[in-house]
Amino acid sequence: MRTILLGAPGAGKGSVAKLLTEFDGSVQISTGDILRAAVQEGTKLGKKAKEYMERGDLVPDSIIMEIIEVRLQEPDCKNGFILDGFPRTIAQAQELKQIIDRLNIRLDLVVNLEAPLDVLLERLETRRTCSNPSCQEIYNIKRNPPADGGKCKKCDSPVIQRADETKEAICNRLETYNSKTAPLIDFYQKEGLLKNILSLTLPETIAAIKKELNSLNKH
Ligand code: AMP
């Protein structure tokens, strides 16, 4: 399946995407993970993106589109993909449409993960992420803590708080989401692809998305 996950920071896109990949062999494409890995590795891309990310601002569309255009043509996308954190602006969505047309594929579903503001804030403040650029497993200090010593259960690397999870950056990310990304809900509604799904507990959210995907398969 070819799916987009929309939702505010803290809506659960990363956790949901990781579980959905196990469902049908689709690959998770998280522009945030790609950018964080580039920042940690100090690549040219990372140097360009770092300041935007730390402030909680969006990285310019041109940089993001270059990443996506290349990534969508890699062989592992053949079985489908789950776009997590992309697109984030109307311009990105419009360009994605053109890329998808050029590649002769189509999107199956756009899921908008919804959660109340107090839930988003609590999740962002308690979220921790594996510092290994090729792992980036997500933890929560209350509900899903890392292993003893703050180590990742998958790769044993230190689990850290993201640089953009300070109070100031979180507020900026939520404002940026409201002004630049939330309009995508209407965009994909008009495209006839949108499904709103409540994102409170992970098992319920995954079950609701699987139900949608299964009903698409039957048509
Ligand atoms: P995320 O992990 O999806 O929350 O992304 C972390 C940060 O990476 C965001 O706050 C942005 O600075 C940047 N970023 C990730 N995806 C995009 C995108 N599609 N467009 C612009 N900036 C992005």
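The values are calculated or read from the model by the stated rules, or taken from the named source; none is laboratory data. Keep in mind that this is a model prediction, so the values were computed, not measured. Don't worry about glycine lacking a Cβ; one is built from the backbone with ideal geometry, like all the others, and counts go over all protein chains shown.
Residues that are more than 13 Å from the ligand (Cβ to nearest atom) and part of a helix (DSSP H, G or I) were ranked within the range 22-38; the one that is modelled with the highest pLDDT is Glu22.
In the range 39-50 there is at least one residue matching the filter, namely being touching a residue at least 60 places away in the same chain (Cβ under 8 Å), more than 7 Å from the ligand (Cβ to nearest atom), out of contact with any strand residue (DSSP E or B) (no Cβ under 7 Å at 6 or more places or on another chain) and in a helix (DSSP H, G or I). State which residue is surrounded by the most Cβ atoms within 10 Å (Cβ to Cβ) when the search covers only the range 51-90 and only residues that are among the acidic types (Asp, Glu) and more than 12 Å from the ligand (Cβ to nearest atom). Only one residue fits best here, namely Glu69.
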